[in-house]
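Report on one structure; see the data block that follows.
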Amino acid sequence: MADDGAYLELLPDAVVVVDAEGRVAYANPAAERLARASRDELVGRPLDDAVPLRDGAGNPWWTCTERLRRLPGVRRVPVRELHLVAGAGRVVQAVCVLRDASTRNRADSQRGELISTLAHELRSPLTSVKGFTSTLLHRWERFTDDQKREMLATVNMDADRVTRLIKELLDVSRIDAGRLELRRTEFDLAAMAEGIVGRFQLQHDRHRFRLTFPDGFPRVYADPDKIEQVLTNLVENAVKYSDGGAVTVTGQVTETEVEVAVGDHGVGIPTDQLPLIFTKFYRRTGHGSPGGTGLGLFIARGLVEAHDGRIWADSSPEDGTTLRFRLPRGGLELAGIT
């Protein structure tokens with residue numbers, strides 16, 4: 001707090017730091033003015049008493065967010081519109097606060113782009129599902145069993161695609177709001193990688209897959225469903241851009257972390273685009289039209305960072321692209337628990 005105090009003192013916006021019990025631990029000058037009380041009067045008091053913030057229904061903000069703050073994996077409380085309850089009196093002054101709206105405009109633009117992208121991606125599978133089901137309902141007797149099976153398989157595949165798109169939308173929403181819930185447990189990441197690569201081998205026989213993990217690769221303490229989603233997104237991305245070539249999945253170990261690298265050995269990513277690949281809607285230029293929403297790597301980054309890990313990329317035209325992520329190792333051994 002001491003390192004940040006000088007910075008917070010200069011902020012024009014009110015800043016109140018609250019401890020785990022909901023009591024004010026710090027208030028900057030702007031907060032003193034807003035609460036009409038000195039810092040000494042504010043510190044140590046319950047937040048709802050010192051700064052009575054209420055939501056639209058009149059509920060105390062700190063109390064109504066308690067359940068959200070206790071959820072595992074929640075890294076921040078979403079932005080909300082709150083009202084400061086004041087005592088009786090009359091308005092004697094009005095203050096106009098001017099603030100750069102570029103961040104809000106950018107967020108609005110991204111929301112519009114997200115809706116447009118998902119609408120475009122949903123149109124194709126839904127059209128297919130509607131067309132095949134309507135055809136089967138009205139002309140069932142005209143088709144052979146093999147034809148019916150093929151149409152139903154297509155409907156099933158497109159329904160899976162719609163489900164996946166909806167899941168991506170929910171993931172993006174939770175990442176943006178800081179509301180990812182993690183169900184951590186120790187699991188075998190090397191075995192998970194082997195299973196994922198095996199599934200892709202069955203679906204993409206044009207590609208060559210190579211899996212390399214050292215013996216005794218340690219278990220990790222994380223949410224297995226979320227990490228499986230990360231690794232699946234990375235392998236899917238490598239398959240998409242490898243032009244039928246080799247895809248490598250490699251594990252490495254440091255003293256405190258495990259690392260997984262997925263390489264595509266494709267055309268590579270231009271240097272000026274590397275900072276963009278984990279942002280929403282990114283698609284590599286100059287590589288045809290691989291399709292997709294452009295959300296896979298954004299979601300992967302959000303899931304890895306929710307585990308206090310990190311994810312990055314290396315790329316060159318000669319060697320292709322390698323996406324890497326690191327996670328803390330399994331908790332029992334490192335915590336000294338036997």
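The values are calculated or read from the model by the stated rules, or taken from the named source; none is laboratory data. Here the structure is a predicted model, which means the values were calculated and not measured. Quick reminder, even Gly has a Cβ in these numbers, built from the backbone with ideal geometry, and neighbours come from all protein chains shown. Calculation scope for accessible area: heavy atoms of the full protein, side chains included, ligands and nucleic acids excluded. Shrake-Rupley method; radii C 1.70, N 1.55, O 1.52, S 1.80 Å.
Points to keep in mind about this one:
- Shown for the stretch 109-225: the carbon plus sulfur share of the solvent-accessible area, taken with all protein chains present and a 1.4 angstrom probe, equals 51%.
- Close amide H contacts of V258 (hydrogens built in the peptide plane, cut-off under 5 Å, sequence separation of 5 or more or a different chain): L327, R329.
- A 1.4 Å probe run over the protein chains yields, for the stretch 164-222, 63 Å² of accessible area per residue, whole-number rounding.
- Derived scalar couplings between HN and Hα for the stretch 41-48 equal 6, 8, 5, x, 8, x, 4, 5 Hz in order, rounded to whole Hz, by the Karplus curve 6.51 cos²θ - 1.76 cosθ + 1.60 (θ = phi - 60°), x for Gly and Pro.
- Packing-based order for 255-266, 45-56, 123-134, using average beta carbon neighbours within 10 Å, highest first: 255-266, 45-56, 123-134
- Calculated FRET efficiency for the pair T185/T163, C-beta based, R₀ 22 Å, to 0.05: 0.35
- Estimated inter-spin distance, S173 and T144, nm [label 7 Å along Cα→Cβ]: 4.5 nm
- When R23, R149, R326 are compared by accessible area of protein heavy atoms, the largest-first order is R149, R23, R326, using a 1.4 Å probe.
- Only protein heavy atoms count here; under a 1.4 Å probe, S315 has an accessible surface of about 40 Å².
- Extended-chain gain in nm, criterion 0.36 nm per residue less alpha-carbon gap, D19 and T154: 43.1 nm
- The candidates L169, L34, L10, L234, arranged from most to least accessible area with a 1.4 Å probe in the full protein assembly, appear as L10, L34, L169, L234.
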